[in-house]
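Q: Handing you a structure now.
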Amino acid sequence: MERQQFLAKLGIGLAAVCTGCSLVSCGSNPKNEDPTPTADGNIFTTNLDSELLNVGDAKVSNGVILARIAAGNAVGSFSAVQVACTHEGTFINYNQAGGIYICPLHGSRFSKEGFVLQGPAASSLKKYNVVITGASLNVRA
C-alpha cells in the first residue's frame, strides 16, 4: 500500500471514530433532565447492606451520582450531586484518590459538595440531601 492510500484510509477511519463519539455524547446528554422525586421527596433509595460497601463506590440513578466518601453509615460518609457536568452535560465520575468529581470530557473538577474546583465548568453541581434510616439510604431533593 502506498503512503497516500494509507493516509487516506487513516483519515476516513479517524473521521468515522470522531463522528461516532459526537453522536454518543449528543445522545447521552442529561443536562436538562431533572430528577423526579416521589411524593415524599425521595429521588432514589439504596440498601447499604448490599450497595456502596467500599469507600469510592458510586451509584448513578435518576440524574444523581451518589458516592461513598468515607467509612461508616453516617450521612457525612456520602455525597450526592447531579451526575451531569454543568459545562456540557457529560456524566461525571467520583475519583476516590482525589476525593472529587471529575468530568471525563473536558476535565472539570468538582468538590464533594459540588463546587467547581477547575473549569471549564463555571457553575456548581446541584447537591442533594442524604437521609439514612438503618441500612436504607434515601437521596432527596
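Q: Would you mind counting up the charge near residue 81? Only other residues with Cβ under 12 Å from its Cβ, with Lys and Arg at +1 and Asp and Glu at -1. Each step should come with its number before you reach the end.
A: Details: positive: 112, 126, 127; negative: 113.
Once all neighbours under 12 Å are counted, the net charge is +2.
Q: Here is a follow-up. Would you mind counting up the charge near residue 65? Only other residues with Cβ under 12 Å from its Cβ, with Lys and Arg at +1 and Asp and Glu at -1.
A: Values: positive: 59, 68, 112, 126, 127; negative: 57.
Neighbourhood net charge equals +4.
Q: Something else: For segment 46-113, which trypsin sites (Lys or Arg not before Pro) are in a loop by DSSP, counting at most 13 other Cβ atoms within 10 Å? Intermediate results must be reported in sequence, preceding the final value.
A: Details: sites: 59, 68, 109, 112; in loops: 112.
Counting only loop positions with at most 13 other Cβ atoms within 10 Å, none of the trypsin sites (Lys or Arg not before Pro) in segment 46-113 qualifies.
Q: Now for a different question. For segment 38-141, what is the relative contact order in percent, using Cα pairs closer than 8 Å and at least 6 residues apart in sequence?
A: Values: 225 pairs, mean separation 27.5, N = 104.
Reported as a whole number, the value is 26 percent.
Q: Using modelled backbone amide H atoms (1.01 Å from N, in-plane), which distant-in-sequence or interchain residues come within less than 5 Å of residue 78's amide H?
A: HN-HN under 5 Å from residue 78: 69.
Bear in mind these aren't lab numbers, they're just calculated from the coordinates by the rules spelled out. In this text the structure is predicted, and so the values were computed from the model without any measurement. Cβ atoms come from the backbone with ideal geometry, glycine included; neighbour counts cover every protein chain shown.
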